[in-house]
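A.B. asks: Structure provided below as structure tokens; questions to follow.
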Amino acid sequence: MGRLFDNPATIIILVIVVLLLFGAPKLPGLARSVGQSLRIFKAEVKQMKDDDSTSAAADEPVEGRVVNT
């Protein structure tokens, strides 16, 4: 039994076999949720970049005149 865990490749193969046997029905749902999370993350990062570029433009002084009403 000690020789089984001497090589890390056997541990990896054992984990893959266990995952395939017991987790196969749940793998598509897991992949779908990971993909959805990545899409949301990308959209948020893009929105943050867009907000940074518009806030930099808003910091620039604007010339104008005061109008009395």
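A.B. asks: With r as the distance between the Cβ atoms of Lys46 and Asn68 and R0 = 30 Å, compute the FRET efficiency 1/(1 + (r/R0)^6) and round to 0.05.
C.D. replies: Efficiency, rounded to the nearest 0.05: 0.10.
A.B. asks: Here's something else I'd like to know. At Ala24 and Ser37, where each label point lies 7 Å from the Cα along Cα→Cβ, what is the point-to-point distance in nanometres?
C.D. replies: With each label placed 7 Å out from Cα toward Cβ, I get 2.5 nm.
Here, each number is a calculation from the coordinates, and none is a lab measurement. What you are looking at is a predicted structure, and each value in this text was computed from that prediction instead of being measured. Backbone-built Cβ (ideal geometry, glycine too); neighbour counts: all protein chains shown.
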